[in-house]
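**Q** Can you read through this structure? Questions will come right after.
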Amino acid sequence: MGSAYLDLIRIRFLMMLAYRVNYYSGIVIYAINIGAYYFLWEAIFGDQKVLGGFTLGQMTTYVAVSWMARAFYFNNLDTEIANEIRDGSVAIQFIRPYNYLIVKLMQGFGEGIFRLLLFMVPGLAIACLLFPVKLPTDPGVWALYFVMLVLSFLINTQINMLTGLFAFFVENNQGMLRMKRVLVDLFSGVVVPISFFPGWLAVTMKWLPFQAITYLPSSVFTGRVAGFEAIRVLGVQIIWFLVLLIPIAWVWRQARYRLFVQGG
């Protein structure tokens, strides 16, 4: 069974590879986004050395790595799950000898590996050529960031799964899907680092999982968080990954019961 799940990663990777040309334009678009944010923050900083705990150099690196990390952890599993629920094809998954949610996770991971190798890595290289991005020189930071990046993918995927599964309970959850995407980009720190949020909102974000997707990993990558504090924020990611398993299991159980009751 384990090898079957690994095959799902390979199959999704090969499917993405077949349409890889579509992602070359994405690299250009992300580079334009990074450039726009770089010049915006350069104007905001002006003569200021530090804003919101960031130097201009750290902010440039934060913007570049945050957008490129988004290329890795981003997926449309919420839409896929919602569509399969609406067209009824999800019912077939219940009679197959594997876990539907794990299948979706593996498919998303296959897509993520594709995005990492053919989108994030070349995109970050281009950003380093165009803008004053300062990459860490400590191999330990790279290793820790890679672990945190995988956890970012898992947490974002968990949120996507929860949003997609709500299609079992509402007739149309397209509005919820769009709202979720905006909330994740805003509250994860991709658009604006959380340290720039008003005090009450920044405190609220500490009690929500969004910071664990982008803000915390990027803070470690830029050197704003180091040493024991870096291990602590890794712990925050692990805690949120474990916590999110609970609502997913509950919603999945309720969804299965609802399907059996309505479908017989």
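The values are calculated or read from the model by the stated rules, or taken from the named source; none is laboratory data. On a predicted model such as this, the values are computed, not experimentally measured, just so you know. Don't worry about glycine lacking a Cβ; one is built from the backbone with ideal geometry, like all the others, and counts go over all protein chains shown. What goes into the accessible areas is simple: the full protein's heavy atoms, side chains included, and nothing from ligands, DNA or RNA. Shrake-Rupley method; radii C 1.70, N 1.55, O 1.52, S 1.80 Å.
**Q** By how many nm would the segment from T137 to M176 grow when fully extended, if each residue of separation counts as 0.36 nm and the alpha-carbon distance is taken off?
**A** Working: separation 39, 0.36 × 39 = 14.04 nm, distance 4.11 nm.
This chain segment gains 9.9 nm when fully extended.
**Q** Measure nothing fancy, just the Cα-based angle from helix 100-115's long axis to the longest principal axis of the chain, in degrees from 0 to 90, nearest 10.
**A** Rounded to the nearest ten degrees, it is 30.
**Q** Within the stretch 176-198, list the residues whose amide N lies under 20 Å from a label point set 7 Å along Cα→Cβ of L40.
**A** Residues 179-198 qualify, since their backbone N sits under 20 Å from the label point.
**Q** Cut-off 18 Å, label point 7 angstrom out along Cα-to-Cβ of L129: give me the residues of the stretch 36-79 whose amide nitrogen falls inside.
**A** 36, 64-65, 68
**Q** Further question on the same structure: Okay, which of the stretch 72-93 sit inside 11 Å, backbone N to the point 7 Å along the Cα-Cβ direction of A4?
**A** none
**Q** First obtain the Kirkwood hydrodynamic radius of the stretch 51-92 from its Cα pairs, then insert it into the Stokes-Einstein equation at 37 °C and 0.692 mPa s, and state the resulting D in µm² per second as a whole number.
**A** Working: Rh = 13.1 Å.
After rounding, the answer is 250 µm²/s.
**Q** Something else about it: How would the stretch 60-147 be classified by its alpha-carbon gyration tensor: rounded, prolate or oblate, with rounded meaning a/c under 1.5 and the a/b versus b/c comparison settling the rest? Before the final figure, lay out each step's value.
**A** On the way: a/c = 3.94, a/b = 2.51, b/c = 1.57.
Taking the square roots of the gyration eigenvalues as a ≥ b ≥ c, the stretch 60-147 is prolate.
**Q** Further, regarding this structure: Please go through the stretch 39-86 and write out the trypsin sites (Lys or Arg not before Pro) that DSSP classes as loop and that have at most 15 other C-beta atoms within 10 Å. Before the final figure, lay out each step's value.
**A** Details: sites: K49, R70, R86; in loops: K49.
Answer by residue number: K49.
**Q** Continuing with the same structure: Quick check: residue separation of R96 and L17 times 0.36 nm, minus the Cα distance between them. What number comes out in nm?
**A** Numbers: separation 79, 0.36 × 79 = 28.44 nm, distance 2.69 nm.
Difference between extended and current length: 25.8 nm.
**Q** Mind pulling the angle between the C-alpha long axis of helix 121-130 and the longest principal axis of the chain? Nearest 10 degrees, somewhere in 0 to 90.
**A** Tilt of helix 121-130: around 20 degrees.
**Q** What net charge is computed for the residues neighbouring L186, neighbours being all others with C-beta under 15 Å from the C-beta of L186, Lys and Arg scored +1, Asp and Glu -1? Display every interim value, and only then the final one.
**A** Numbers: positive: R70, R178, K180, R181; negative: D185.
That sum, taken over residues with Cβ under 15 Å, equals +3.
**Q** State the Kirkwood hydrodynamic radius of the stretch 1-95 in Å, one decimal place, computed from all pairs of distinct Cα atoms. Mind showing how you got there, number by number?
**A** On the way: mean 1/r = 0.0588 Å⁻¹.
After inverting the mean inverse Cα-Cα distance, the result is 17.0 Å.
**Q** Can you count the Lys pairs in the chain whose Cα atoms are under 29 Å apart, with each pair 8 or more apart or on different chains? Working shown, then result.
**A** Details: K49/K134; K49/K206; K104/K180; K104/K206; K134/K206; K180/K206.
Count of close lysine pairs: 6.
**Q** Of the accessible area of the stretch 76-156, with the probe set at 1.4 angstrom, what percent is carbon plus sulfur?
**A** On the way: 2580 of 3630 Å².
Its accessible area is 71 percent carbon and sulfur atoms.
**Q** For helix 228-263, what angle does its Cα long axis make with the longest principal axis of the chain, in degrees from 0 to 90 and rounded to 10?
**A** Here the helix axis deviates by roughly 20 degrees.
**Q** Let me ask you something else. Please work out the average accessible area per residue across the chain, using the 1.4 Å probe convention, and give it in Å².
**A** On the way: 13120 Å² over 264 residues.
About 50 Å² of surface per residue is accessible.
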